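Shown next, in structure tokens, is the structure this report addresses.
The values are calculated or read from the model by the stated rules, or taken from the named source; none is laboratory data. Only a predicted model underlies this, so the values are computations on that prediction, with no experimental measurement involved. Cβ atoms come from the backbone with ideal geometry, glycine included; neighbour counts cover every protein chain shown. Ligands, DNA and RNA are excluded from the accessible area calculation, which covers all protein heavy atoms including side chains. Shrake-Rupley method; radii C 1.70, N 1.55, O 1.52, S 1.80 Å.
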Amino acid sequence: QVQLVESGGGVVQAGGSLRLSCAASGRTGSIYVWGWFRQAPGKEREFVAAIVWSGTNTYYADSVKGRFTISRDNTRNTVRLQMNSLKPEDTAVYYCAAAKRGSSMVADEYDYWGQGTQVTVSS
């Protein structure tokens, strides 16, 4: 089992920045890819970014490319999402997720999920 706890959410004005962190514990050595997803009210959960455990490959949704950066610190079992140039449409609950195998962009292929952290971007 792997436990994930997100932190770093909050309220920020449009154009501002936030950094989300995901602290992982348990059998983290079994994880192949780490991801961030988000879900806005009335919308389906959507992929934001992912990083392979080795850090060699990263993936981003088109809507966040050039603004968000995913990184991982394997020694601290932490995955981060640096979010710059935030827009009101980025407002959502952000979830950290971990998958033992499979595609990095498909929520159903992730095995473990955090409880989520709220990000609100005001205009």
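Observations on the model:
- Subset of the range 103-123 (residues that are surrounded by fewer than 14 Cβ atoms within 10 Å (Cβ to Cβ) and under 15 Å from VAL2 (Cβ atoms)): GLN115
- Criterion applied to SER85, SER21, SER25 was being in contact (Cβ under 8 Å) with a residue 40 or more places away in the chain, loosely packed, with under 15 Cβ neighbours inside 10 Å and outside any loop (DSSP other than H, G, I, E, B), and the one residue passing it is SER25.
- Residue count for the range 88-123, restricted to those that are assigned to a helix (DSSP H, G or I) and of a type outside the set (A, V, I, L, M): 5.
- For the range 88-102, the tally of residues that are open to solvent by 20 Å² or more (accessible area, probe 1.4 Å), of a type in the set (D, E, K, R) and within 21 Å of PRO41 (Cα to Cα) stands at 1.
- If the condition is being of a type in the set (Gly, Ala, Ser) and open to solvent by 80 Å² or more (accessible area, probe 1.4 Å), then the range 42-61 contributes only GLY42.
- Of the set (1) touching an Asp or Glu at 6+ places or on another chain (Cβ under 7 Å); (2) more than 20 Å from GLN118 (Cα to Cα), all apply to ASP73 but (1).
- Scanning the range 62-82 for residues that are acidic (Asp, Glu) and either open to solvent by 60 Å² or more (accessible area, probe 1.4 Å) or touching a Cys at 6+ places or on another chain (Cβ under 7 Å) (or both) yields one hit, ASP62.
- When restricted to residues that are hydrophobic (A, V, I, L, M, F, W, C) and not in a strand (DSSP E or B), the range 59-82 contains 2.
- Restricting the range 28-41 to residues that are in a strand (DSSP E or B) and not aliphatic (A, V, I, L, M), the residue that is surrounded by the fewest Cβ atoms within 10 Å (Cβ to Cβ) is GLN39.
- Checklist (1) over 11 Å from the mean Cα position of the chain (by Cα); (2) in contact (Cβ under 8 Å) with a residue 24 or more places away in the chain applied to ALA50, failing item: (1)
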